[in-house]
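The values are calculated or read from the model by the stated rules, or taken from the named source; none is laboratory data. If you're wondering where the values come from, they're calculated on a predicted model, not measured in any experiment. FYI the Cβ positions are ideal-geometry reconstructions off the backbone, even for glycines, and counts take in every protein chain you see. Areas reflect the complete protein model, heavy atoms only, side chains present, ligands, DNA and RNA absent. Shrake-Rupley method; radii C 1.70, N 1.55, O 1.52, S 1.80 Å.
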Amino acid sequence: MKTGRLFVLLTMFVLMSLVAACGGGAQPAAEQPAAQQPAAEQPAAQQPAAEQPAPAESGKPFRMGLLVPGSANDEGWNQIAYDALLRIEKELGAEISYVELEQNPASFEKAFRDYASQGYNVVLGHGFEFQDAALTVSKEYPATIFLISSSRIHEGNVIGLNTDSSQPFYLMGVIAAMTGDRAGIVGGMEIPPVAEAITGFINGARSVKPDFQVSSTYVGNFTDAAAAKEAALSMLDEGATFVVPDADVAGLGVYQAVSEKGPQIGTFGAFGDFTDKAPENVLGNYFANYGQGIVNIAKEIRDGTFKPTGNIEFGLDNPDVMWIEYNDKAANPVPADVRAAVEEAQQKIVSGEVNTLAEPGEAAAAPAESGKPFKMGLLVPGSANDEGWNQIAYDALLRIEKELGAEISYVELEQNPASFEKAFRDYASQGYNVVLGHGFEFQDAALTVSKEYPATIFLISSSRIHEGNVIGLNTDSSQPFYLMGVIAAMTGDRAGIVGGMEIPPVAEAITGFINGARSVKPDFQVSSTYVGNFTDAAAAKEAALSMLDEGATFVVPDADVAGLGVYQAVSEKGPQIGTFGAFGDFTDKAPENVLGNYFANYGQGIVNIAKEIRDGTFKPTGNIEFGLGNPDVMWIEYNDKAANPVSADVRAAVEEAQQKIVSGEVNTLAPVE
């Protein structure tokens with residue numbers, strides 16, 4: 001790698017919100033053939049298409065689009081993605097196109113829509129700023145995969161790509177602690193990626209020596225090498241024998257400082273080869289090749305092997321994307337025993353045995369090991385005794401107290417983000433092992449507070465986040481609705497599904513239902529609609545009757561209280577019509593028509609996760625998505641007293657589909673061919 005390019009690699013990981021400011025014109029780059037530019041928006045295809053078609057299988061070329069915030073040839077952040085795109089064209093035989101955009105969300109949506117409407121298999125939005133636009137457009141184009149750089153999203157067909165720099169910095173911490181008694185790390189700006197690198201460094205050092213002293217500071221930018229040098233010299237004057245930077249160009253000041261102090265001081269190159277900056281002091285270098293990661297993911301998508309269960313977090317288990325190399329010409333090269341310890345730590349990180357962002361010996365510690373009680377806090381948006389959403393979490397908390405011997409506490413909050421942060425901080429500062437924010441609205445506050453308390457696990461209901469010690473809990477209703485679709489297609493020729501509001505969980509349930517039906521009969525007709533709320537049973541009944549008049553023989557709701565209207569409609573039409581209970585037992589609403597019920601026990605999921613955290617077995621690799629692989633949280637039961645019970649052959653097909661879903665062979669949100 002060329003040194004000039006190395007400086008921008010850190011920016012790739014830690015300056016996502018800043019690089020957008022270097023955006024250029026909105027016109028495509030000059031060398032891009034005009035024929036490859038996004039055309040005017042075309043109507044979206046409504047029939048299912050293969051989500052990850054291989055050219056050899058589909059007879060169509062694999063196509064990838066790229067959105068960059070500024071010039072594609074910026075010799076920096078955008079260039080990384082552009083060069084990867086050119087490799088994808090050359091190495092994967094792909095048709096490619098890219099567009100250069102200014103900071104305008106409306107233009108982001110248009111560009112995504114243009115590519116998706118033309119049947120592009122995948123579109124990469126190269127920056128966190130593209131996430132919201134992708135989430136909006138993705139619902140219209142479920143066959144296109146939307147990748148977002150520097151994001152930890154995983155919602156339907158929108159998948160974030162990110163790197164976990166805490167992992168290599170953890171290894172640097174191991175080296176620091178095994179070769180000295182004190183160390184320091186100088187960060188650029190106090191933003192999550194840099195904060196995580198610092199946390200990883202400290203945790204790695206203290207995994208060797210629990211009392212190891214680490215000084216850390218931020219210089220407030222990524223360019224002031226003089227300030228970084230001053231910070232490093234201060235640490236060295238305090239006795240540090242190993243100081244590393246995570247500060248892009250400013251990090252050059254750290255190398256100057258350690259070089260001036262003499263060959264007995266150690267450091268490490270970050271995001272590239274910096275050996276020449278302090279040849280006697282640089283013990284090794286951490287390399288990152290994000291472009292290779294993009295190429296790897298594109299190949300998986302092209303080959304049909306891309307099966308994400310969460311966002312994509314590149315780490316040390318991707319050795320062609322992230323790795324370290326030693327400098328054997330340093331004044332004091334890393335000895336064999338330290339290298340062996342680093343290799344052991346790396347293996348534990350890759351296996352999941354070590355979480356580089358969890359403080360050693362504290363996160364997820366079992367009471368029997370720590371001698372301290374397991375403590376769990378709960379934040380609810382309103383009354384804990386609401387006999388609804390909040391009650392589910394509150395009842396689970398009471399079970400955690402009774403069954404796990406936990407100390408518990410809860411707080412009822414109004415919609416005030418400041419109060420959310422205070423509540424999280426209050427619990428974490430008191431040493432609570434885990435705090436559950438029961439709703440997506442708590443996510444931002446948890447992200448803010450979590451950096452201050454890496455030993456506390458912050459769970460967020462109805463979220464797909466996984467960032468450090470903040471982990472989302474969610475349920476995948478598309479899975480049981482997929483099974484209902486299988487039943488519908490095997491017992492009739494047309495079906496319908498009535499949703500409440502058009503929000504992601506309901507949209508995903510509808511997608512699952514359609515995909516399940518068309519896995520049996522590719523041309524199976526499914527009508528779907530939303531009534532616009534979750535309370536209007538009359539509107540839901542009217543919608544269901546309309547579907548039945550069109551010939552549907554199976555209609556299901558995903559509309560909460562409004563769904564009662566669907567059961568009324570099918571009951572009135574006679575016992576030949578089938579339906580299914582959603583989120584509980586609705587057999588009594590239409591005893592002859594309800595062929596079975598889908599049950600969800602989210603409270604049990606909360607208890608399960610709390611037990612894993614207490615026992616020290618909680619090792620998440622992404623957000624927690626409860627599904628059919630959690631049979632005590634999500635399951636279906638048949639009604640053998642229905643007028644036309646589900647037959648043995650249909651039940652066998654449903655069981656086979658369920659096994660494929662659990663194994664990952666079937667993605668319920670990916671349209672079938």
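Points to keep in mind about this one:
- Residue list for region 617-638, restricted to those being over 27 Å from GLY160 (Cα atoms) and surrounded by fewer than 16 Cβ atoms within 10 Å (Cβ to Cβ): PRO631, ASP632, TRP635, GLU637
- Condition met for GLY204 (touching a residue at least 60 places away in the same chain (Cβ under 8 Å), among the small types (Gly, Ala, Ser) and open to solvent by less than 30 Å² (accessible area, probe 1.4 Å)): yes
- Against the test of being among the small types (Gly, Ala, Ser), over 21 Å from the mean Cα position of the chain (by Cα) and within 25 Å of ALA358 (Cβ to Cβ), the options ALA445, ALA418, ALA455, ALA396 yield a single qualifying residue, ALA396.
- Which numbered condition ALA396 fails, given (1) at pLDDT below 75; (2) buried (at least 18 other Cβ atoms within 10 Å of the Cβ): (1)
- Boolean, GLU300 is among the acidic types (Asp, Glu), under 29 Å from VAL158 (Cα atoms) and touching a strand residue (DSSP E or B) at 6+ places or on another chain (Cβ under 8 Å): no
- For region 529-570, the candidate set comprises residues that are β-branched (Val, Ile, Thr) and open to solvent by 20 Å² or more (accessible area, probe 1.4 Å); within that set, the residue that is nearest to MET484 (Cα to Cα) is THR553.
- Of all residues in region 244-264 being modelled with pLDDT of 95 or more and touching a Ser or Thr at 6+ places or on another chain (Cβ under 6 Å), the one that is nearest to PRO168 (Cα to Cα): VAL244
- Against the test of being at pLDDT below 90 and either polar (S, T, N, Q) or in contact with a strand residue (DSSP E or B) (Cβ under 8 Å, 6 or more places away or on another chain) (or both), the options SER117, SER151 yield a single qualifying residue, SER151.
- Filtered residues of region 62-119 (kept if assigned to a helix (DSSP H, G or I) and of a type in the set (D, E, K, R)): ASP83, ARG87, GLU89, LYS90, GLU91, GLU109, LYS110, ARG113, ASP114
- Residue ID - surrounded by the most Cβ atoms within 10 Å (Cβ to Cβ), chosen from residues in region 208-251 that are within 30 Å of ASP337 (Cα to Cα) and of a type in the set (D, E, K, R): ASP246
- Where strands (runs of 3 or more DSSP E) fall wholly inside region 124-193, the ranges with 3 or more residues that are touching a residue at least 24 places away in the same chain (Cβ under 8 Å) and more than 21 Å from ALA247 (Cα to Cα) are 145-149, 158-163.
- Residue within region 128-141 that is hydroxyl-bearing (Ser, Thr, Tyr), open to solvent by less than 10 Å² (accessible area, probe 1.4 Å) and modelled with pLDDT under 90 present: no
- Count of residues meeting criterion [of a type outside the set (S, T, N, Q) and either on the phi > 0 side of the Ramachandran plot or surrounded by fewer than 22 Cβ atoms within 10 Å (Cβ to Cβ) (or both)] in region 571-585: 7
- Pairs with Cβ under 6 Å, 6+ apart, first in region 560-579 and touching a residue at least 12 places away in the same chain (Cβ under 8 Å), second among the basic types (Lys, Arg) and assigned to a helix (DSSP H, G or I): GLY565/LYS541; TYR567/LYS589; GLN568/LYS541; ALA569/LYS541
- Note on region 195-292: enclosed strands (runs of 3 or more DSSP E) holding 2 or more residues that are hydroxyl-bearing (Ser, Thr, Tyr) are 213-218.
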